[in-house]
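Reviewing the structure listed below.
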There are 2 protein chains.
Amino acid sequence: MRAKILLVEDDASLIELVTYNLEKEGFDVVRTGDGEEALTLAEEEKPDLVILDWMIANLSGIEVCRRLRRAPATANLPIVMLTARGDEADRIRGLETGADDYMTKPFSPRELVARIRAVLRRLRPALQGGALEFAGIAMDTTAHRVTRDGRTVQLGPTEFRLLRHFLEHPGRVFSREQLLDAVWGRDVYVEQRTVDVHIRRLRKAVNAGPNGEELPDLIRTVRSAGYSLDAVPAMQAA
Amino acid sequence: MRAKILLVEDDASLIELVTYNLEKEGFDVVRTGDGEEALTLAEEEKPDLVILDWMIANLSGIEVCRRLRRAPATANLPIVMLTARGDEADRIRGLETGADDYMTKPFSPRELVARIRAVLRRLRPALQGGALEFAGIAMDTTAHRVTRDGRTVQLGPTEFRLLRHFLEHPGRVFSREQLLDAVWGRDVYVEQRTVDVHIRRLRKAVNAGPNGEELPDLIRTVRSAGYSLDAVPAMQAA
DNA sequence: CGGTTTCGTGACGCTTTTGTTACAGCGCCT
DNA sequence: AGGCGCTGTAACAAAAGCGTCACGAAACCG
């Protein structure tokens, strides 16, 4: 999942510099140089993090920070202040107003990215390790939650591990033996056909549509080889 | 609740300076100048945050940071690096190794405190004396009061700590072992099934409605994984 | 086109995991 | 001392998930 960042800054050359570096690192960037608009965008764009300059039009960065914290919808939004005001008093004021980090200009773009990552690592764990996603199937391993096109999918422990294994290696074909090793454990010994049954259960759960509908099957059977999770639904014979 | 901070630093005058400022601000301080000992203390003292110097005896600060992150018991422990190594490359390395913030010497003690507060505010909300709230459950950690949709909920000490832990990490699944570590303490050893009983007591108290009614259960059981506090009540099959 | 192999599917005991209740011990307060 | 609230453990009940089998369908092969 890509993280979206709201950049609130009015210096054109800085906007370009920061945007370039963030996009290079895989972030989506939304920009504004206006304090009032920043508040609106923070609600509407639902960014994962805000970078705030102090001196901007209409509302100071510190005031934007305060209002973001006060509004329930954005009270939890990660904020990094990035400003020329580098006095001790300013830094402390920024942090105490609710900023999660505070950097002063001039700054290193790479350090900015590192600090953003550090903040997101704590506050949006789903963006880091815990999230797997492929072909409309999303898995949050820390919350133990799976969704298909937004609808939550109910899985038993074994199906969960099985799906995770597929999501970790999308497109790759695994033999029943490999799956038993990876999902059940190297020492456990069960019939290979057991895999079939769990594939069946996994398919049933993942392909269940809104009501009684069937969604396209993303688990491909490779005859005499095994199974794989695949973005392209199997072809149809009319 | 007072927060406990582990200060890993070997310069005597700095130790004094930092300790003085932290204690003045209401933190408990545990100190060591030794990298190996830092790891031990991080486990045994259960600090709420670690301040790490880079140049210390036995293990470098960066290595201590890496090992703390790797050990499950301390993987989540907030870390602030405080060091003379201020190159861009060092800062980035520190942050990418898992530090939550990175300050360089010389530094302002008041800024250090502000940054520590900023980190703790996010990672240990309960320490700020503030209110925790999630999905209609509100907890005032200082007054030791809990309400569900406005009605006050009566909890025993253990259930209170258990709920607080869930509120601090909403949505996340914890194994019984993790809960015992976090809520009972790392050194206490009780049966894992004890957790089940307290979950039961917590559910009973939190889900008690106006008269004899049952409110939707917000504590989700994740079979063979643990429990989590969750906004979405489990779905029903008719 | 039969024969053969491989896979899909539903049913069914069995085991594991969790829910629930009861109880005995402990510390604390009056 | 007695009562009271809280805790951890055990024991039993309920639920959920698991692995295997049997049979039919589909794919493959000559």
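Every number here is computed from the coordinates shown, using simple stated rules; none is lab data. Worth saying up front: this structure is predicted, and the values here are computed from it rather than measured. Note: ideal-geometry Cβ built from the backbone for every residue, glycine included; neighbour counts use all protein chains shown.
Tally the DSSP beta bridges in the protein assembly as shown and give the antiparallel ones as a percent, rounded to 5.
Bridges in the protein assembly as shown that DSSP calls antiparallel: roughly 50 percent.
Note that the stretch A:46-62 has calculated 3J(HN,Hα) couplings of 6, x, 8, 7, 10, 9, 10, 7, 7, 8, 9, 6, 6, 9, 5, x, 5 Hz, one per residue in order, obtained from phi through the Karplus relation 6.51 cos²θ - 1.76 cosθ + 1.60 (θ = phi - 60°); glycine and proline are x. Under a 5 Å amide H cut-off, with hydrogens placed 1.01 Å from N, residue A:31 pairs with A:7 among residues at least 5 apart or on other chains.
The same position residue A:24 in the other copies lies at 4.2 nm from this copy, comparing label points 7 Å beyond Cα toward the beta-carbon, shortest first. Taking the dipole about the Cα centre of the stretch B:129-229, with the C-beta of Lys and Arg at +1 and of Asp and Glu at -1, give me whichever of B:134, B:150, B:226 is farthest to the positive side. Checked the options; the winner is B:226.
What angle, in degrees between 0 and 90 and rounded to the nearest 10, separates the Cα long axis of helix B:109-123 from the longest principal axis of the Cα atoms of chain B? Taking Cα atoms only, the helix is inclined about 30 degrees.
Each residue of the stretch A:165-179 was assigned a 3J(HN,Hα) from its phi angle through the Karplus curve 6.51 cos²θ - 1.76 cosθ + 1.60 (θ = phi - 60°); the sequence is 4, 5, 5, 6, 9, x, x, 7, 8, 10, 6, 4, 5, 4, 5 Hz, with glycine and proline shown as x. Which entries in the list A:4/B:105; A:4/A:105; A:204/B:204; A:4/B:46 go over 24 Å, if you measure between the two C-alpha atoms of each? Violating the 24 Å Cα-Cα cut-off are A:4/B:105; A:204/B:204; A:4/B:46.
Scaled against 2.2 N^0.38 Å for its residue count N, the alpha carbon radius of gyration of the protein assembly as shown is 1.07.
Fewest neighbouring Cβ atoms within 10 Å first, the residues B:53, B:217 line up as B:217, B:53. Looking at the P(r) of the stretch A:131-229, how many percent of alpha-carbon pairs lie beyond 24 Å? For the stretch A:131-229, the share of Cα pairs beyond 24 Å comes to 17 percent. Lys/Arg Cβ at +1, Asp/Glu Cβ at -1, dipole of the protein assembly as shown taken about the Cα centre: which of B:207, B:106, A:56 is farthest positive-ward? Projecting each Cα onto the dipole axis, the largest value belongs to B:207.
Mean residue ellipticity at 222 nm, helices only, chain B: -11000 deg cm²/dmol; runs of at least 4 DSSP H residues each add -39,500 (n - 2.57), and the sum is divided by the number of residues.
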